[in-house]
Amino acid sequence: MVIVDSGDLLNEDEEVSDSVIKSAKLKAELIAEVFTSIGIDAVEVGELDLALGINNLKDLQKKYNFPFVCANLVDKKNVPIFKRYIIKKVNGKNVGIFGIIGDTSEMAAKVKEITKDAASVTDPLAAATAVMKELTGKVDYVVALTHQGTNRDWVIARRVPGIDLVVGGHDQQKTKDPNEADKTLIVQAGVKGQYLGMMEVTLGATKTSKNTLFALGDDVPNDPKIKARISKYNDDVASLYNTPGAGATTQPAAADVKLSLNACEMCHADQVAKWKTTDHAKAYDTLVKKTKQFDPSCLKCHTTRYEQPEGFSMKLQQMELVNVQCESCHGFRKQHITDLKPAAQKVKIALCITCHTADRCPTFEKDEQKVMEKIKHWK
Amino acid sequence: MKRVFCLFLLILGTVCYASLSVSGASPQAADNAKLTIAYSSNLLGYTEPCG
């Protein structure tokens, strides 16, 4: 068995602010520890992983012998920062695995910005070609872990001979049936652990493959040890923010706090009354029930105007701004309260799907009318 | 005795030829080794549902 990941494994955000860096590091450590325990063989570095800082990734590499690979991410001296490839022996066969990160101007600029010029991206095709030259004659099967998007995966598969399988990433695709670029297969396993891909290969006179995407739904039981480790992470994150001056130990329960929307209620009583019956009004409670009320990745969608000016902040943990209140959808309305000029804006579904993403709510866009009925507080 | 030795040589030769035939062919063709690659992508730091 070979276990691999094609990047953006550890982190979700391009910018990791000072207020969340500690919890982001805890999460990265949790994931590195768990993936190490299941025997991960190679992980391509994604730009979102880099947002944690190269030194943090190197620390994980050192602490867990975490197998980052990337053939075209180099330091200021043009030296690869991580291993370019690894070779693993399986059933008497050598499997070569190398990593590639995309070099679009957007990605290259992002990498430079995120790493404060400590790292840059070199030509993926040249890097892959050089790796393949070294692997030729030494391996029986080659896996390229790429983080550049499917279009570029086609290019690398067609222009660099000898790659058997491209496991792609970055553009968050799900490929049930692998793309076939000549003799190279291209796959990707969706987003946020919804699927695990399994490519079963027979190395005979010709190589034959069978790909399966396993849906990791509620019917897949939790591993008790990993579940316990996640609970410890939740507790560790809570202890970061649940401290005097910030958090529940010094603040009353959400139900006892006058919410920010009380200001809206004076003129929009009917709408607020209706809102109180919706799931938006219970959004924070759902986190409390799962000890996730301090997890920044959850609070983004369960509080009002997360980390925006005068919005909910990780540092202040303002209970009057929990739940999905008026300003979550209608925008900051401080000026409207002062001048009372008409301000209501029609909320577009594009805003809703920033939280009701396809992985969380697969039919949200399709069922737009139905879901809007659930929160209807307009005439 | 000579006949026995010749027979031995014949058998040895046959075995050598047979093994040469095997090694001359693709080693992959000989064993049909199985390989499973488990892969994930774009986990984005996901651990469990928020609510």
Average silhouette area of segment A:2-76, convex hull of alpha-carbon atoms, in square nanometres: 5.1
Karplus-derived 3J(HN,Hα), 6.51/-1.76/1.60, for each residue of segment A:275-291, Hz, glycine and proline x: 4, 5, 8, 9, 5, 4, 7, 10, 4, 6, 4, 4, 6, 4, 4, 10, 6
Å³ per residue of the Cα convex hull, for segment A:4-215? 118
Could you give the length gained by full extension between residue A:89 and residue A:126, i.e. 0.36 nm per residue of separation minus their alpha carbon distance, to one decimal place? 10.7 nm
From other protein chains only, count the Cβ atoms within 10 Å of every residue's Cβ in A:87-98, then give the mean. 2
With a 1.4 angstrom probe the carbon and sulfur portion of accessible area for the protein assembly as shown, in percent, totals 56
Dividing the convex hull volume of the alpha carbon atoms of chain A by its residue count, what do you get in Å³ per residue? 167
Enumerate the amide H contacts of residue A:195 below 5 Å, restricted to partners 5 or more residues apart or on another chain; note that Pro and chain-start residues carry no placed amide H. A:216
Please work out the Cα convex hull volume for segment A:258-374 and give it in Å³ per residue. 116
A correct Karplus calculation of ³J(HN,Hα) over segment A:349-361, with 6.51 cos²θ - 1.76 cosθ + 1.60, θ = phi - 60°, whole Hz and x for Gly and Pro, returns 4, 4, 6, 4, 6, 5, 9, 7, 6, 4, 6, 8, 10
For the interface of chains A and B, what total accessible area is buried with a 1.4 Å probe, rounded to the nearest 100 Å²? 3600
Output the residues of segment A:297-315 meeting this criterion: accessible area (heavy atoms, 1.4 Å probe) in the chain alone minus accessible area with all protein chains in place is 20 Å² or greater. A:298
Go through segment A:161-167 residue by residue and turn each phi into a ³J(HN,Hα) via Karplus (6.51, -1.76, 1.60, θ = phi - 60°); whole Hz please, and just put x for glycine and proline. x, x, 7, 8, 9, 9, 9
Amide H contacts under 5 Å for residue A:46, restricted to residues at least 5 apart in sequence or on another chain and with H modeled in the peptide plane, are A:8, A:9
How well do other chains shield peptide A:198-204, expressed as the mean number of their Cβ atoms within 10 Å of each residue Cβ? 6
Average accessible surface area per residue within chain A, 1.4 Å rolling probe, Å²: 52
If you take each beta carbon of peptide A:2-12 and count the beta carbons of other chains within 10 angstrom, what is the mean? 5
Taking only C-alpha pairs under 8 Å that are 6+ residues apart, what is the relative contact order of chain A in percent? 11
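The values are calculated or read from the model by the stated rules, or taken from the named source; none is laboratory data. Since this is a predicted model, take the numbers as computed values, not measurements. All Cβ positions, glycine included, derive from the backbone under ideal geometry; neighbour counts span all protein chains shown. For accessibility, only protein heavy atoms count, side chains too; no ligands or nucleic acids. Shrake-Rupley method; radii C 1.70, N 1.55, O 1.52, S 1.80 Å.
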